[in-house]
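Some notes on the structure that comes next.
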Amino acid sequence: MKVPVHLPNILITGANGQLGSSLALLCNSKDANFFFTDIAELDVTSKSFVEKYISKNKIDIVINCAAYTNVEKAEDEPEIAEKLNATAPSYLAQSCLKHSAFLIHISTDFVFGGGAKRKEPITERVKPAPLNVYGASKLQGEENIKASGCNYLIIRTSWLFSEFGGNFVKTILSLLSSKSEIKVVDDQKGTPTYAGDLAKAVYRIAMKVAENKKNIRRFVGLNQIYNYSNLGECTWYEFAVKIQQLAKVKFSAMAAARKASGKRAQKSHVIPCTSVEFPSKAVRPQYSVLSKEKIRKHFSLTIPAWQTSLKKCLKNL
Ligand SMILES: NC(=O)c1ccc[n+]([C@@H]2O[C@H](COP(=O)([O-])OP(=O)(O)OC[C@H]3O[C@@H](n4cnc5c(N)ncnc54)[C@H](OP(=O)(O)O)[C@@H]3O)[C@@H](O)[C@H]2O)c1
């Protein structure tokens, strides 16, 4: 007689976002019972909804993809950013503690305030020093989780792009097709991260947590912070130039279509500029390249270069 296997119940919050949508493509019902929720199904800023949902559905693992990610707008509405990025994670953590569930939470490179002089990738041991409201709210979220006493793993990532939602790749593609000249900041360095790659890493880690659930103290990543981004580094300008190069084929097709429709074909120029020339409310770190060694070693991950994953993403778009 076959013994029924208990599949873990995994809750994904903010499931309609870039990371949540990328995770949905990977999730296999043979591995777990997945509960995909976004604000309509589970508003993570409601303590009572969070508690009821986790309790009623006997959740074993929470993957928190819900967040306030508009860095610029956060400067104008810090309370809303704080509620979603700092308070909501503490509600999730408290319920995880109560129901012995494990919390996988996503954070950001913007918890760091890396200056231009920094040349070495930032390890998990570097002290955070956020420069903007978004970064401060995400750091507070990390602190709230750590203080809650629940079992957790926090993954800091950077410069997410994907086929889903709004992101830098889509913005640049749209500008390239509508403007003759676009200026892009060339004095901030970081690493673009394909949400599909991050999703793979998160999924692998969630499966490892599930395997170790009965003896969670032995789990190698217990109550730790990890960095994850693609390999390599670039400025926003270099990122935009690469997008233009790789999307060339797409644009020649678009240009041909424009010509056929009688409109003049445009050739767009990408021009580097400084952060000073591109004023924004939120101050951003000049260097926020994350070191990935810890996560790569602990979870035996193969991490692709950002250019390779950008190619993949553009193909899918
Ligand atoms: N995007 C980046 O460049 C970046 C960089 C570094 C780190 N990260 C981190 O990576 C994680 C995933 O980012 P992402 O780009 O996938 O984010 P995203 O695309 O903005 O997705 C966040 C999702 O959360 C939803 N949400 C908003 N309020 C909610 C609520 N009260 N309850 C439940 N869900 C709610 C959003 O819905 P609406 O769209 O309707 O608001 C959206 O579907 C986040 O923790 C983020 O801080 C992102």
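What follows draws every value from the coordinates through simple rules; no lab data is involved. Worth saying up front: this structure is predicted, and the values here are computed from it rather than measured. Positions of Cβ are backbone-derived with ideal geometry, glycine not excepted, and every protein chain shown enters the neighbour counts.
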Ranked ASP76, ASP31, ASP109, ASP186, criterion: other C-beta atoms within 10 Å, fewest first: ASP76, ASP31, ASP186, ASP109
Among 20-28, 202-210, the order from most to least packed when residues are scored by Cβ within 10 Å on average: 202-210, 20-28
C-alpha long axis of helix 195-212 to longest principal axis of the chain, angle in °: 10 degrees
Karplus (6.51, -1.76, 1.60) ³J(HN,Hα), θ = phi - 60°, over the range 303-309, in Hz, Gly and Pro reported as x: 9, x, 5, 4, 5, 5, 6
Rounded to 10°, Cα long-axis angle of helix 248-260 versus longest principal axis of the chain: 50 degrees
Given charges at beta-carbon only (K, R positive; D, E negative), |dipole| of the chain in Debye: 1080 debye
Extension gain (nm, one decimal) between ASN212 and ALA305, 0.36 nm per residue minus Cα-Cα: 30.5 nm
Compactness of the chain as Cα Rg over 2.2 N^0.38 Å, two decimals: 1.04
Amide N of the range 124-163 lying under 14 Å from the label point, which is placed 7 angstrom from the Cα of LEU222 along Cα→Cβ: 149-153
In nm, spacing of pseudo-spin labels at SER180 and ILE39 (7 Å Cα→C-beta vector): 4.0 nm
Extension gain, LYS73 back to VAL283 (0.36 nm per residue minus Cα-Cα distance, nm): 74.4 nm
Rg [Å, one decimal], Dmax [Å, integer] - the range 43-138, C-alpha atoms: 15.4, 51
For the range 1-69 versus the range 169-224, the gap between their alpha-carbon centres in whole angstrom: 18 Å
Cut-off under 5 Å, modelled amide H: who pairs with VAL184 long-range: ILE271, CYS273
For PHE35, residues with placed amide H under 5 Å, excluding near neighbours: ILE10, LEU11, ILE12
Point-charge dipole on Cβ atoms (K/R +1, D/E -1) for the range 53-208, about Cα centre, debye to 20: 560 debye
Reachable lysines, given that their alpha-carbon falls under 18 Å from the alpha-carbon of LYS292 and they are not under 8 places away in the same chain: LYS119, LYS127, LYS189, LYS200
Those Cys residues of the chain for which no other cysteine Cβ falls under 4.7 Å: CYS27, CYS65, CYS234, CYS273, CYS313
Distance in nm between pseudo-label sites at ASN316 and ARG204 (7 Å out along the Cβ direction from Cα): 1.7 nm
For the range 108-116, 3J(HN,Hα) per residue [Karplus equation, 6.51 cos²θ - 1.76 cosθ + 1.60, θ = phi - 60°, Hz, x = Gly/Pro]: 9, 5, 6, 6, 9, x, x, x, 5
Mean-position separation - Cα centroids, the range 280-305 and the range 76-139, in angstrom: 14 Å
Straight-distance crosslink candidates among aspartates and glutamates, where the alpha carbon sits under 13 Å from LYS208 and sequence neighbours closer than 8 are dropped: ASP31, ASP60
Derived scalar couplings ³J(HN,Hα) [the range 153-162; Karplus, 6.51 cos²θ - 1.76 cosθ + 1.60; whole Hz; x for Gly, Pro]: 8, 10, 10, 8, 10, 9, 6, 5, 9, 5
The chain: calculated mean residue ellipticity at 222 nm from DSSP helix runs of at least 4, using -39500 (n - 2.57): -11500 deg cm²/dmol
Contour excess over end-to-end distance, with Cα ends at LYS248 and HIS99 and 0.36 nm allotted per residue: 48.5 nm
